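Working notes, structure below.
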Amino acid sequence: MTEMGEARTRRERLRAGTVEEIKQAALGLIAEHGSANLRFTDIARSLGMTAPALYRYFADRDELLTALVADSYDSLSDALRATGATIAPDDLDGRFLAICVAYRGWAQRHPERFALIFGSPVPGYAAPVDGPTTAAGRRVMEHMVEFVAAAARHGRLGTPLVPDALEATVLAWATVHGFVTLEAHGHFCALDQEARDRLFTVQAGLAARTAGLAPSARLP
């Protein structure tokens with residue numbers, strides 16, 4: 001590699017490192033103050049930079065938010081895929097429950113990311129049409145779609161509660177997501193952890209039935 005090439009590589013690494021620092025600082029501020037109050041001046045101050053310096057890495061706040069949303073979807077997708085890979089392909093109940101538990105666990109570990117992609121819209125921000133956030137969001141939904149397709153291949157897919165298969169899949173996801181969202185916002189504080197875990201397993205069973213999966217004894 002030439003000296004020029006090595007210098008370019010070093011610059012690229014330094015730039016990538018700074019971009020990651022900016023993202024992490026932004027996520028920290030979102031966790032403290034919410035995404036609606038995210039400002040370049042606050043991010044720069046937390047990093048010991050000037051606000052104008054941030055524009056060398058992101059054109060504006062919206063571009064930074066787009067990157068954070070896409071990253072968050074990718075993080076969730078990676079968590080779901082890693083979990084699904086640990087379960088035998090023909091263990092449909094185990095896979096479905098594991099994916100649901102992974103979804104819930106990711107939301108608990110990354111509340112700021114969960115709020116960013118599933119919380120209240122950020123005032124003044126609109127994700128680019130067919131941009132990186134759309135593609136990343138689709139990858140998350142593909143996990144549920146792939147599971148329903150696997151259930152059909154194994155002859156385990158019955159008639160869903162909603163006639164249209166895609167709509168049934170979306171409804172199954174919404175069934176799990178509703179529980180996770182209520183929990184994330186503290187609405188189950190009257191229940192201890194054991195009770196919440198038990199109710200979540202029941203909710204996962206309801207989601208399976210919604211998608212047309214006939215659960216065995218492993219799911220309620």
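Tell me which label goes with the value of Cα extents along the principal axes in Å computed from the coordinates here: [x] 60, 49, 31; [y] 49, 47, 44; [z] 56, 41, 38. After the calculation, the listed value that fits is [x]. Derived scalar couplings between HN and Hα for the range 196-205 equal 5, 4, 5, 5, 5, 4, 5, 4, 5, x Hz in order, rounded to whole Hz, by the Karplus curve 6.51 cos²θ - 1.76 cosθ + 1.60 (θ = phi - 60°), x for Gly and Pro.
Ligands, DNA and RNA are left out, and with a 1.4 angstrom probe the accessible area of the chain is 54 Å² per residue. With a Förster radius of 35 Å, plug the Cβ-Cβ distance of D62 and T86 into 1/(1 + (r/R0)^6) and report the FRET value to the nearest 0.05. The formula returns an efficiency of 0.40 here.
In the range 1-153, Cα pairs under 8 Å separated by at least six residues give a relative contact order of 26 percent.
Judged by the mean number of other Cβ atoms found within 10 Å, the most tightly packed of the peptides 126-133, 163-170 leads the ranking 163-170, 126-133. Amide H to amide H, with H built 1.01 Å from N, L213 comes under 5 Å of G158, counting only residues 5 or more places away or on other chains. Looking at the chain, identify the longest residue range that excludes and avoids all trypsin sites (Lys or Arg not before Pro) in DSSP loops having at most 16 other Cβ atoms within 10 Å. Between exposed loop sites, the widest span is 57-217. Over every Cα atom in the range 1-105, the radius of gyration and the widest Cα-Cα span, Dmax, amount to 18.8, 56 Å.
In the chain, the calculated helix contribution to ellipticity at 222 nm averages -23500 deg cm²/dmol per residue, counting -39,500 (n - 2.57) for every DSSP H run with n ≥ 4.
Across the range 104-120, coupling constants 3J(HN,Hα) worked out from phi with the 6.51/-1.76/1.60 Karplus curve, θ = phi - 60°, read 5, x, 4, 4, 6, 7, 10, x, 5, 6, 4, 5, 5, 9, 10, x, 5 Hz, and Gly and Pro carry x. Backbone geometry of the range 133-146 corresponds, through the Karplus equation with coefficients 6.51, -1.76 and 1.60 at θ = phi - 60°, to 3J(HN,Hα) couplings of 5, 5, 5, 5, x, 5, 5, 5, 5, 4, 5, 6, 4, 4 Hz, x marking Gly and Pro.
Taking a ≥ b ≥ c as the square roots of the eigenvalues of the Cα gyration tensor, the range 104-182 is classed as prolate, since a/c reaches at least 1.5 and a/b is larger than b/c. With contacts taken as Cα pairs under 8 Å and at least 6 residues apart, the range 68-142 reaches a relative contact order of 53 percent. Computed extension length for V162-L191: 7.3 nm, one decimal, from 0.36 nm per residue of separation with the Cα-Cα distance subtracted. Computed over protein heavy atoms with a 1.4 Å probe, the carbon and sulfur contribution to the accessible area of the range 18-150 reaches 55%.
The values are calculated or read from the model by the stated rules, or taken from the named source; none is laboratory data. Please read these numbers as outputs of a predicted model, since none were measured by experiment. Virtual Cβ from ideal backbone geometry, glycine too; neighbours counted across all protein chains shown. These area figures cover heavy atoms from the full protein model, side chains too; ligands, DNA and RNA do not enter into them. Shrake-Rupley method; radii C 1.70, N 1.55, O 1.52, S 1.80 Å.
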